[in-house]
Amino acid sequence: MEIISQYVTAGMALLTEQFGPLGPLYAVGMLGFLLVLASLPFMMNRKADPVDKLKSNARKEKKQKPTTDGQPALRYKEKGPKLDKYATFLEPQDQEAFSATQLKLIQAGYRQQSSVRTFHFMQMALALGFLLIGIIVVMMTLDTASLQSTLMKIIIPAGVGYYLPTYWVERRRQTRQGLLTEGFPDALDLMLVCVEAGQSLDQSIQRVAEEIHPAFPDLSEEFAMVANEMKAGKDRVSVLRDLGERAGSQDISAFVTVLIQSASFGTSISEALRVYGSEMRDKRVMRAEEKANTLPTKLTLGTMMFTLPPLLIILIGPSIYNIYLTLVLAQQ
């Protein structure tokens, strides 16, 4: 304890000598700031409690206005045609580019009619905003660097602002596909129970959409849309293909192919659901095992960051302090 107290006293004296009387306070504040930065990734990636998730979904359902038949609305309400007059400027004129962007936004969960327009508006607005910020920073710092360096300080923030909506949509798209894949085996099991109980495929899909909504709202929304399109008289094959395209998940696309082939060749849908559901459960177990196998590799970085530096301080710290004292005495 005496050795530790000596080290602490010497460290405080060194901080006071370098940064003044508030040197130890600065050190504590910097340490707290670093700890907060280190904990941010863990806080942001923390999964919500399933009980809290169910409660929040129940509160959202109470706040939503009920429809006439108790089913989700077929159309999303627009907040207002604020960007309609700029549609020619904001939307791609090439139909293929427009369709590709719209498909990505639908797979990310943005189904509004003006989603493509809003996406390109956000790209332009963020690019101009970050460009203005870069210009203000360069003007305030009065940097005397070369013209190329100054332009890079202005153009790089503008590029970051332009690609930020694309990054956000891609992250939302991947997250949503992961949620759809995670809840799909349970939905297949419930659909198999409904089919074996005597319900048709349309009724089974509608029942599954109602039952899995508290746990998997995204997947429930997709199944509800399929049920509504079938009620509207759309061809079942087209509806199922649209489901696979909207979901963007390989498992759901393969399931759509299985259902179409089962309907084409006249085989039993319940048998197809049983075999495919068993395969999906096996794949979910394999994904869990894969994540468990990669966990030690991910923990290595944390172990190196939080274990090795304190060990080096304990082992090398006294020697560095003795060398420092020897140099100070030699100068005196």
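The values are calculated or read from the model by the stated rules, or taken from the named source; none is laboratory data. If you're wondering where the values come from, they're calculated on a predicted model, not measured in any experiment. Because the Cβ atoms are built from the backbone with ideal geometry, glycine has one as well, and the counts that use them run over all protein chains shown.
Taken as a whole, the condition of being modelled with pLDDT under 85, assigned to a helix (DSSP H, G or I), surrounded by 16 or more Cβ atoms within 10 Å (Cβ to Cβ) and out of contact with any Asp or Glu (no Cβ under 8 Å at 6 or more places or on another chain) applies to G134. Screening A215, A224 for residues that are touching a residue at least 12 places away in the same chain (Cβ under 8 Å), closer than 27 Å to E271 by Cβ, under 28 Å from the mean Cα position of the chain (by Cα) and not in a helix (DSSP H, G or I) leaves exactly one candidate, A215. E96 meets the conditions (1) in a loop (DSSP other than H, G, I, E, B); (2) more than 25 Å from the chain's Cα centre (by Cα); (3) at pLDDT 80 or above in every case but one. The failed one is (1). Among the residues of the range 194-239, those identified as modelled with pLDDT of 85 or more and of a type in the set (S, T, N, Q) are Q203, S204, Q206, S220, N228, S238. Would you confirm, using the coordinates I've provided, whether Y321 is surrounded by 10 or more Cβ atoms within 10 Å (Cβ to Cβ), aromatic (F, W, Y) and under 29 Å from L14 (Cβ atoms)? Answer is yes for this residue.
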